[in-house]
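The values are calculated or read from the model by the stated rules, or taken from the named source; none is laboratory data. Everything quoted here is computed from the prediction, not taken from an experiment. All Cβ positions, glycine included, derive from the backbone under ideal geometry; neighbour counts span all protein chains shown.
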Amino acid sequence: MELSPHPELHPLFESLGYFLGFAVYRQARRKSGDVLDDRRRWSIIAATTLGALLGSRLLGLLEQAPRVHLALSQLLAPSGGKTIVGGLLGGWLSVELVKKWKGIHTRTGDLFAIPLCVGIGVGRIGCLLAGLSDDTYGTPTSLPWGVNFGDGIARHPTQAYEILFVAALALILQFLKSRPHKNGSLFRVFMAAYLTWRLLIDFLKPEPLVFGLNLIQWACAAGLAILIADRKTKDQYV
């Protein structure tokens, strides 16, 4: 299968992913009976946004460092490297810091779980259409669904794999949401599932490895370790 690259569409789908994700979040918040006052709620949203931006850019630039010249000035540049894993971990960390500062002990992550699936899935459409310029494609494959992004080589369409994965994950989370569950469990399911997914699917990506894993996989492993350790604590994380 051959796919003509359209890198100019990537920013459009990325922005659409943010918009639709936030729209789903607002709808979920209205239905949830959120007890946080507006000031504390917006402090959490602001912390999530800033932490996600910094985490996404920092891990993205570090991941690209072996291939391009690393410059810290790129951290906030619109064209700087980005990665979803860095955004998730950065947003998660920043929210926890703000919650400790504000004395918020309520788990606040469940409302973000399904919106994150929506945002990631829509954004990955842009990654798929961007082709080779986005660096999210997979390794060469002889499988019938391999995609030629314009250079004559059929590759794993890892962007499409992820779209299908987050769509399935959103359905699972919606099912869990409709049943009795502990506060905070939806976010933890999302994080555990997505980090595990990236840990596995990135074996199909042609990225430099450090002790058998690329940098994003090491970040996923660290996030999963925190989730596992957190099961032994009480109300420490989202």
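Note on the range 181-194: residues that are outside any loop (DSSP other than H, G, I, E, B) and surrounded by 15 or more Cβ atoms within 10 Å (Cβ to Cβ) amount to 9.
In contact with a Phe, Trp or Tyr (Cβ under 6 Å, 6 or more places away or on another chain) and farther than 19 Å from Leu93 by Cβ - does that describe any residue in the range 154-167? Yes, the conditions are met somewhere in the range 154-167.
Here the range 158-180 is the region considered, the condition is being of a type in the set (A, V, I, L, M) and under 21 Å from Met1 (Cα atoms), and the residue that is surrounded by the fewest Cβ atoms within 10 Å (Cβ to Cβ) is Leu164.
Selection of the range 78-93 for residues being at pLDDT below 70 and touching a helix residue (DSSP H, G or I) at 6+ places or on another chain (Cβ under 8 Å) yields Gly80, Gly81. Counting only residues that are of a type in the set (Asp, Glu) and either modelled with pLDDT under 90 or outside any helix (DSSP H, G or I) (or both), the range 1-48 holds 4 of them.
With respect to (1) surrounded by fewer than 17 Cβ atoms within 10 Å (Cβ to Cβ); (2) in a helix (DSSP H, G or I); (3) modelled with pLDDT under 95, the lone exception for Glu96 is condition (1).
Among the residues of the range 134-157, some residue qualifies, meaning at least one is closer than 19 Å to Gly60 by Cβ and surrounded by fewer than 19 Cβ atoms within 10 Å (Cβ to Cβ). Any residue in the range 202-214 that is under 18 Å from His156 (Cα atoms) sitting within a Cβ distance under 8 Å of a residue that is part of a loop (DSSP other than H, G, I, E, B) and of a type in the set (D, E, K, R)? List the pairs, counting only those 6 or more apart or interchain. Here the result reads Pro208/Arg67; Asn214/Lys205; Asn214/Glu207, each pair linking the range 202-214 to a residue that is part of a loop (DSSP other than H, G, I, E, B) and of a type in the set (D, E, K, R).
Note on the range 105-141: among residues that are assigned to a loop (DSSP other than H, G, I, E, B) and not β-branched (Val, Ile, Thr), the one that is nearest to Phe22 (Cα to Cα) is Gly109.
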